[in-house]
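Read the structure below first, then the notes.
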Amino acid sequence: MKTIRRKKAGRAPEQPNSSAVPPSPARRAFLGKLGAAATVGAATLANPGISSAHSTAGGGLPNFQAPNGVAQGRIAQALELRVSEAMADALAGPGKNLNNGDDALYPDKCGTYTKGLAHDSFGRVDLSSYASLKKALRTGNFSDFENIIIGGTRTQNGPQGAYAFDLEALDNSQFGQPQVPPAPKLAGDQTATELVEHYWAALLRDVAFTDYGINPLAAMAAAELEAQPTYTGPRDGSGHVTPNLLFRGAFPGETLGPYVSQFLLQPTFFGAQPMSQQLQSALPNIDYGTDFASWLDIQNGVDTGLRNQIDPELRYRHNGRDLASLTHMDVLYQEYLTALMVLSTINGNPPGSFTPGGAPPNPGCPYVHSKTENGFGTFGWPDFACTLGEVAVKALNAVWYQKWLVHLRPRPEAIGGLVHLIKSGNGNKTSAQLSNVVLNSVAVQQTFNKYGTWLLPLAFPEGSPAHPSYPTGHGTVGGACVTVLKFFFDGNFVIPDPVVPSSDGISIVPYAGPDAGQLTVNGELNKLGHNVSFGHGIHSGIHWRSDTDTSLLLGEAVALSFLKNRARTYNEPFKVHLQKFDGTTATISNAGNP
C-alpha cells in the first residue's frame, strides 16, 4: 500500500516558469500502468461480444457495453455514467499553470514562500532548509515531507492535499489560467500597492466600517490608494476611491449597502438552535509581529507564547478585527452554511422552507411549479447543506495544488520584513528590489510612527498559516460555496429588511440607505465571499488582495465543474442559470427523464 500511494503522487504539468518538475520514474511507471488499464478498459467497453445491457441513462458513450460480471440495468448505467464523465473531464486537457518567475529570480529566495523553514538573523531562508522543501514538492513522497528542515515547531499546513485526486470534478491540475494567472511580481507596483493596502488595513483594524466616512485615517487611505494606477479595488463613477469603498470587492453588488454582508448579520436558526450572529472577537489595539525579534520567530515557526485575548462582549462583525477573528476560528465553509440558514429562515420563515416572501429557489429548480412533490435528497435541504461541504474540500485541494506546486507566493508579512530591512538601512541583506510605491508610502510611515518599525502589524500572534499565499483557501472555498448557493437559490431575490451593525458592534439596526432595496442574494453572496476572504486576508494581514480575487474565480470554476458532473446524477430534468462573479451567466442542465 505504501508503494502505491507513493506512485500516485501527482505533479503539476511541466510549463515554462512553472515551479513543477517532470514526473519521477515511479510516477511515470504509474502513469504507464494507468494508460494500459485505460486501453484495456476501452477495448472491453467496445467489445460487442461481452454480455451486457445497453445503457438508457444517456451517458454519452455510443454502443456502450458493460464488461462481464457487471449486472445489467441500473448498475451498467451507473458504470457508463462514471466512465463517460471521467472521459469528458480527461478530454478537457491540462490547465495552463505558470508562476511569476520570482522563485528563480532571487538567489536568497526572498520572492518565494519560506515560512516555517530555518532563517538567518536577517530573515533570509537557509538554502539547505529551502532545498529540503523543494525536494519534497518535486517527489511528492510523504517521507521527503517528513524530512523538511524546519526552523521551529510549526509544521507545514497540508501540502499533501495538492496531490489528492478527485472523482467528481476536473483534476486539480486542470485548473489554472485564466482564473489563476501568475501572481504579481515581488518588485512590481501592484504588489507594492497591495502591501500599502495592508498597512492601511492594519491601521484601521479597530475602526468601525460605519465610521470610515468620518475617520481621517480612512480618508488618507482612500487618497493614497486612489493615486495608484495598479490599485484593483473598486472606484466610484468618477474614478475615486472613497472611504466607503475601502477593502471592498468589485464583483456585482459588492459596493451597495453596508460593508458587511447580510449573510453575516441577519439572525437565523441552525435547525431549532437560534443564531443571533453575534460572535467572539479579539480585544482591540493588540497587534503582533511589530518588533523584528518576534517577526523573525514568526517566520521561523517558533511559538512566541502569545495568544489572542478574547473580548468578553459578543459583537456583530463591525470592523476589521471582528472579521479577522471570525476567520481565525471558523470551520472554513461555515459562513456559507450560515448563509444557507439565513436563506432558509429569512423574513421569519420556518427552517427549511420555500415560502412566499422568503428566499425562493433558483427559477430552474424542477420543483418550482410542482403540486405533487418536493425536493429532499435532490434539490432539497439535505442536498443544499451537504453539497456545500462536498464542494468545499474539492475547492481546497484544487487551491492547494496551485499554492504548493505552481506559485509558492510569499505572505505579506514576509515582504513587510523586506520593507523593514530596506527602510532601516539593511537593504544589502536582501536581493529584493521593492517599488517606491511602498517604500515611500504614507501608510508605511504612519505605521513606523505608531510602532517604531516598518513591519506589517498582524492580527494573529503566529501571523499567517504555514502554507503559501496564492491563491487563498478561504477564498477558493468561498467561490465554490457561493456558486453552489447561486445554483440552488434565486440570485435576483432582494433581501428584505436589511440591517447594519452599530458602531460598537453590540447591536444591529435597520439599514435605511438609498440602495436598501437593491441588496440581492447574488450581490450579498459576492460580498460575503470578499468579507470572509478579506477578513483573514487584508484585515488580518496574511493574504494579498489578488489572492482573494483570484481564489474566488478558481472556486467558482471548481464548483461549475463539479455541478456539471453532478447534474447528470439527478433524475429530475432541469436547466439552471446563475450569475458568475464577472456578471455573465453560467448554465447547468441535464437531459433528465420526461
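The values are calculated or read from the model by the stated rules, or taken from the named source; none is laboratory data. None of the values given here were measured: they were computed from a predicted structure. No Cβ is skipped: glycine too gets one built from the backbone with ideal geometry, and neighbour counts run over all protein chains shown.
In segment 192-232, what residues are closer than 17 Å to GLY505 by Cβ, of a type in the set (S, T, N, Q) and either assigned to a helix (DSSP H, G or I) or touching a Ser or Thr at 6+ places or on another chain (Cβ under 8 Å) (or both)? Result: THR210, single match.
Residues considered: THR338, THR345. Of these, the only one that is in contact (Cβ under 8 Å) with a residue 60 or more places away in the chain, surrounded by 21 or more Cβ atoms within 10 Å (Cβ to Cβ) and either small (Gly, Ala, Ser) or part of a helix (DSSP H, G or I) (or both) is THR345.
Here segment 249-294 is the region considered, the condition is being modelled with pLDDT of 95 or more and among the β-branched types (Val, Ile, Thr), and the residue that is surrounded by the most Cβ atoms within 10 Å (Cβ to Cβ) is VAL260. Just need a number here: residues in segment 375-406 that are in contact (Cβ under 8 Å) with a residue 60 or more places away in the chain and touching a Leu at 6+ places or on another chain (Cβ under 9 Å). So the answer is 13.
Only a single item in (1) within 25 Å of GLY478 (Cα to Cα); (2) touching a Gly at 6+ places or on another chain (Cβ under 9 Å) is not met by PHE292, and it is number (1). Selection within segment 144-166: residues that are assigned to a helix (DSSP H, G or I) and in contact (Cβ under 8 Å) with a residue 40 or more places away in the chain. The member of this set that is surrounded by the most Cβ atoms within 10 Å (Cβ to Cβ) is ALA162.
Are any of the residues in segment 520-534 at positive phi and either charged (D, E, K, R) or part of a loop (DSSP other than H, G, I, E, B) (or both)? No, segment 520-534 contains no residue that is at positive phi and either charged (D, E, K, R) or part of a loop (DSSP other than H, G, I, E, B) (or both).
Could you look through segment 243-275, keep only residues that are hydroxyl-bearing (Ser, Thr, Tyr) and touching a Leu at 6+ places or on another chain (Cβ under 8 Å), and pick out the one that is farthest from ILE506 (Cα to Cα)? Of everything passing the filter in segment 243-275, THR255 is farthest from ILE506 (Cα to Cα). Just one of the listed residues (GLY116, GLY111) is surrounded by 18 or more Cβ atoms within 10 Å (Cβ to Cβ), touching a residue at least 24 places away in the same chain (Cβ under 8 Å) and on the phi > 0 side of the Ramachandran plot, and it is GLY116.
Within the option set GLU556, GLU572, GLU524, being among the charged types (D, E, K, R) and surrounded by fewer than 21 Cβ atoms within 10 Å (Cβ to Cβ) holds for one residue only, GLU572.
Between ALA92, ALA42, ALA36, ALA71, which is closer than 25 Å to LEU170 by Cβ, modelled with pLDDT of 60 or more, of a type outside the set (D, E, K, R) and out of contact with any Asp or Glu (no Cβ under 8 Å at 6 or more places or on another chain)?
Criteria check complete, one pass: ALA92.
Every test in (1) over 30 Å from GLN433 (Cα atoms); (2) crowded, with 17+ Cβ neighbours inside 10 Å is passed by ILE214 save one, and that test is (2). Number of residues in segment 540-594 that are aliphatic (A, V, I, L, M), touching a strand residue (DSSP E or B) at 6+ places or on another chain (Cβ under 8 Å) and either in a strand (DSSP E or B) or at pLDDT below 95 (or both): the value is 4.
If the condition is being under 17 Å from TYR106 (Cα atoms), in a loop (DSSP other than H, G, I, E, B) and either of a type outside the set (D, E, K, R) or under 16 Å from the mean Cα position of the chain (by Cα) (or both), then segment 167-191 contributes PRO182, ALA183, PRO184, LEU186, ALA187, GLY188. Pairing each residue of segment 277-297 that is within 30 Å of MET341 (Cβ to Cβ) with any residue that is of a type in the set (Val, Ile, Thr) and surrounded by fewer than 15 Cβ atoms within 10 Å (Cβ to Cβ), provided the two are 6+ apart or on different chains, yields C-beta distances under 6 Å for GLN280/ILE310.
Taking the numbered list (1) under 29 Å from LEU340 (Cα atoms); (2) surrounded by fewer than 19 Cβ atoms within 10 Å (Cβ to Cβ) in turn, LYS185 passes all entries but (1).
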